[in-house]
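Please read the structure below before turning to the comments.
The values are calculated or read from the model by the stated rules, or taken from the named source; none is laboratory data. Quick caveat, the model's predicted, so the values are computed rather than measured. With ideal geometry, Cβ positions are generated from the backbone for all residues, glycine too; neighbour counts draw on all protein chains shown.
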Ligand code: PMP
């Protein structure tokens, strides 16, 4: 692949490509990293450097790179029927079969699927669907959706509004009307010194306070990621989700689980709702549904909601690529491989606990204030003082320093502020987990040196 040098690609990229979630000015000064190929849990850049992909792309390449079963399924479907739509009383085999397969692996009575092209489109669908549901129930005033600060639900207008990211809201006058936020169950960041169980209950009970403040007759739904991903792998205390479910039931408010990251084995269950013991009315999935090989999302819908929608005439909503046949065929192959290789069980019983045990060993590092994780997703908090758990000043950019050292050490680890996070492919081996931990420790050591040198100056 030598027709283009790294430099010429970087120049073309800088001249014509506007990147998502990127400071373009800063990128142009530096030049984009060019990733050229992947195999298993590894990526290679154009200069031939090998990187262990500790983030599975963007939390999605669950089966790793280069799975022939997925590539063959895409090829076969491209030959058979590369595209047809699902509007106007039509279906095709990949969509019908995938809906049935998902209905089998989903928890509760989530037996109906609405296909989309992405996680953001799932959440836009949720907003329209729950409002339509309540209107059909004769309760059109039930329009408000409650979410959390620091949630991530996507980048479309509704997705970003449901999300609780202030910098996103500032660009474009969001959130949209009738989307409100309560505090997140982030114990390390916002509950220091409080018993975690009590903290989880307090944060969940903010939902009840908000419902009463708004008037229960106005509230349509509550949405949350079982484990907040982009917000920094925030795993709520065990008391949190059951209390949320109790409150939703009490006021007859729909519970929406955004499992775009958590679904498809990430937490050691097919869906994290099972781990937290909740039964959502709607569940969003994307990313791992195809191991990220091709875009696809789906909203799973419970019987009560589906029956109301079915009885309600036409739902004026859908995308050209809702249930794209090639994406559905890849998802079907992805699920088949997961079942054949017992991927979910392996994350639950073997590789998940192994990663968590090894990740916890980083807790002795002088920079680490907390380690946490579940299944194959984990985080650690960088602190300036391990005893008082004081953070570095924001301008120190400790997380970014650590991310760069990690990359230089051959590991892709992501920084959310000063929270370092990982979410590796589910096919990662024990040896690769050892390599990940060794590289993460190396990055922490180098970060400590960099930050100490700077302080000394
Ligand atoms: N919901 C969650 C929980 C996510 O993590 C993401 C993406 N990181 C989205 C929704 C949006 O998905 P997409 O980028 O496919 O639109």
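A few remarks follow.
- Hits in the stretch 180-196 (condition: more than 15 Å from residue 232 (Cα to Cα) and touching a residue at least 40 places away in the same chain (Cβ under 8 Å)): 192, 196
- Taken together, 271, 276, 222 contain a single residue that is over 15 Å from the mean Cα position of the chain (by Cα), closer than 18 Å to residue 348 by Cα and within 16 Å of the ligand (Cβ to nearest atom), which is 276.
- Within the stretch 6-16, the residues that satisfy the criterion of being surrounded by 12 or more Cβ atoms within 10 Å (Cβ to Cβ) and touching a residue at least 12 places away in the same chain (Cβ under 8 Å) are 6, 9, 10, 13, 14.
- Any hit, the stretch 33-47, residues being outside the structural domain of residue 228 (by TED's automatic domain parsing), surrounded by 12 or more Cβ atoms within 10 Å (Cβ to Cβ), within 16 Å of the ligand (Cβ to nearest atom) and under 24 Å from residue 405 (Cα atoms): no
- Subset of the stretch 133-150 (residues that are assigned to a helix (DSSP H, G or I) and either touching a helix residue (DSSP H, G or I) at 6+ places or on another chain (Cβ under 7 Å) or within 12 Å of residue 253 (Cβ to Cβ) (or both)): 133, 134, 136
- Matching residues, the stretch 55-99, being within 16 Å of the ligand (Cβ to nearest atom) and on the phi < 0 side of the Ramachandran plot: 55, 58, 60, 61, 62
- Total residues in the stretch 101-119, condition crowded, with 24+ Cβ neighbours inside 10 Å and within 17 Å of the chain's Cα centre (by Cα): 2
- Close contacts from the stretch 150-169, counting a first residue that is under 17 Å from residue 58 (Cβ atoms) and a second that is assigned to a helix (DSSP H, G or I) and more than 11 Å from the ligand (Cβ to nearest atom), with Cβ to Cβ under 7 Å and a gap of 6+ residues or different chains, come to 160/168.
- Criterion (more than 16 Å from the ligand (Cβ to nearest atom) and over 30 Å from residue 134 (Cα atoms)) met by exactly one of 351, 310: 351
- Among residues of the stretch 22-72, those that are assigned to a loop (DSSP other than H, G, I, E, B) and within 20 Å of residue 288 (Cα to Cα), counted: 11
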